[in-house]
Amino acid sequence: MSINLVTGGVPRGQDYFGRESFIEQLWSRLRTDNVLLLAPRRYGKTGAMFQLLDNPRAPFRPIFINVEPIESASDFMIELLASLRQDDRLAQMTNKLWEGTKNIGKNLKKSTAQIDIGMFKVHLREHTDVQENWALYGEKIIELLEKGQDRPLLMIDEFPIMVHHIAQHNIDELRRLMRWFRSARLTPKAKTRFLLGGSINLMPTLDAIGLIGTVNDLAIEKLGPFDDETAFRFIKTAITSQKMVVGEGVIQHIVDIIGTHVPYLLSVLVTSLFDRQRTKGKPITNEMVDDVFSTELLSRATPFFNHYYRRLQDYYAGDEVRQAKVLLSLLSRAAGPVQRDTLYQEYLRVSGIPHTSDALEKFLWLMQKLENDFYVSLFENKYDFSNRTIKLWWQTNYGYQFV
Ligand SMILES: Nc1ncnc2c1ncn2[C@@H]1O[C@H](COP(=O)(O)OP(=O)(O)OP(=O)(O)O)[C@@H](O)[C@H]1O
Ligand SMILES: [Mg+2]
């Protein structure tokens, strides 16, 4: 078996390594449920969706949509309508929506491949009433899709980010969207299956605005890191694919140094090692691994880690941003897990408030958010970073900044 390491893009085909049993589990789950696929950034969620897209199983017809940039319910509907045009059969089933509309009707005589999806979206926006009546269109789509033999599988990537964006603009609109979406999923005759993907947790956003009930029908599937054995095989396969020879001890050292085996971090480290070996003309050794890990992986510029840092600004409210940074800095400096109470005392100190039941509740809420967003893990009343490499990166770059 030969694979190419992908460092950033979506790995497809054989390059999406391991995960065979997870893909099986997803298919079998989708037979009975709509699914929310959760994992931290860069664990391979989009890659998993592309495995389903590239190797569809009857009766499902998978469609992929990335809704990260979407900020309104009507744009979501336009995206959904446009995405159905990726599949000729599903496109035909929904053509009825446009009977009588001049511009669009004419366009739809063409086959899927000939339609410019970008132009199609512009048409929907400018020449139809989808913007105003998005909910009605939503109902009609589901109704039309129910009539066919096929089962559309709509895979909606970065769904929680879209929900967060809409919540910031218009909570009322989000409320209507989430209710429509829930009823679309639960229609008794519903043929359409949904697979929602995301790396921030949907639940706290929805909980804060009383909408948690609109997603309680979703089955949650969590994608974990590679286990030890898969990480080892992944690196070994990447090395033999390059026709290189590296001792098993060195491979194990790469596995160990990363800590939590995030596929992306393994790919970046091994790719950097390949580059180093080529430029230096020397074999890969444990010393080279240590050096590349600390000089290249832990540098401030690595976008993967920067995301964890910047995301606090984007998704945490007001005082929480600084509180979270201070607590994470404290955790990054600690040799091991830290007692919950030690963190709480630090939280009170940085917030300049005394202990009250309200303060404690807010602290626990913040810690739960950090846990849901994969920054920290809780074990026997102690917290630690959930990922050793992220901990070292935080310590190197910010450990002494937020004190
Ligand atoms: N199974 C895998 N095999 C090989 N590489 C992988 C695998 N899963 C993830 N990766 C690595 O992680 C990167 C991101 O993969 P992917 O886009 O599928 O993850 P994601 O969870 O959707 O990430 P994001 O949260 O950033 O959207 C890839 O470029 C690759 O380096
Ligand atoms: Mg993704």
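Ranking request for peptides 385-395, 135-145: highest mean number of other beta-carbon atoms within 10 Å first, then the rest in descending order.
385-395, 135-145
Output the antiparallel fraction of DSSP beta bridges having both residues in the chain, as a percent to the nearest 5.
25 percent
Any idea what angle helix 248-258 forms with the longest principal axis of the chain, computed on alpha-carbon atoms, 0 to 90 degrees, nearest 10?
For 248-258 against the chain, the angle is about 70 degrees.
Determine the principal axes of the Cα atoms in the stretch 311-398, then give the extent along each, sorted from largest to smallest and rounded to whole angstroms.
Its Cα atoms span 35, 30, 21 Å along the three principal axes.
Please work out the ratio of the alpha-carbon Rg of the stretch 230-380 to 2.2 N^0.38 Å and round it to two decimals.
Scaled against compact globular proteins, the figure is 1.33.
Any idea what the relative contact order of the chain is, in percent, if you count C-alpha pairs under 8 Å spaced at least 6 apart?
In percent, rounded to a whole number, it is 19.
What list do you get for Asp358, Asp87, Asp319 if you sort them by fewest beta carbons within 10 Å?
Asp358, Asp319, Asp87
Need the C-alpha centroid separation for the stretch 277-340 versus the stretch 44-98, integer Å.
Here the two parts' Cα centres lie 35 Å apart.
If you take the square roots of the eigenvalues of the alpha-carbon gyration tensor of the chain and sort them as a ≥ b ≥ c, do you get rounded (a/c under 1.5), prolate (a/b over b/c) or oblate?
Here the chain falls in the oblate category.
On C-alpha positions alone, give me the angle between the axis of helix 159-169 and the longest principal axis of the chain, in degrees, nearest 10.
80 degrees
Can you give the angle from 0 to 90° between the axis of helix 171-186 and the longest principal axis of the chain, with both taken from C-alpha atoms, to the nearest 10?
With rounding to tens, the tilt is 70 degrees.
In which sequence would Val6, Val376 go, from the one with the fewest C-beta neighbours within 10 Å to the one with the most?
In order of increasing Cβ crowding within 10 Å: Val6, Val376.
Distance cut-off 31 Å, Cα to Cα: go down the list Lys45/Lys382; Lys121/Lys362; Lys121/Lys222; Lys189/Lys222 and report the pairs above it.
Beyond 31 Å between Cα atoms: Lys121/Lys362; Lys121/Lys222.
Read-outs: derived from the displayed coordinates by stated rules, not from any lab. Please read these numbers as outputs of a predicted model, since none were measured by experiment. With ideal geometry, Cβ positions are generated from the backbone for all residues, glycine too; neighbour counts draw on all protein chains shown.
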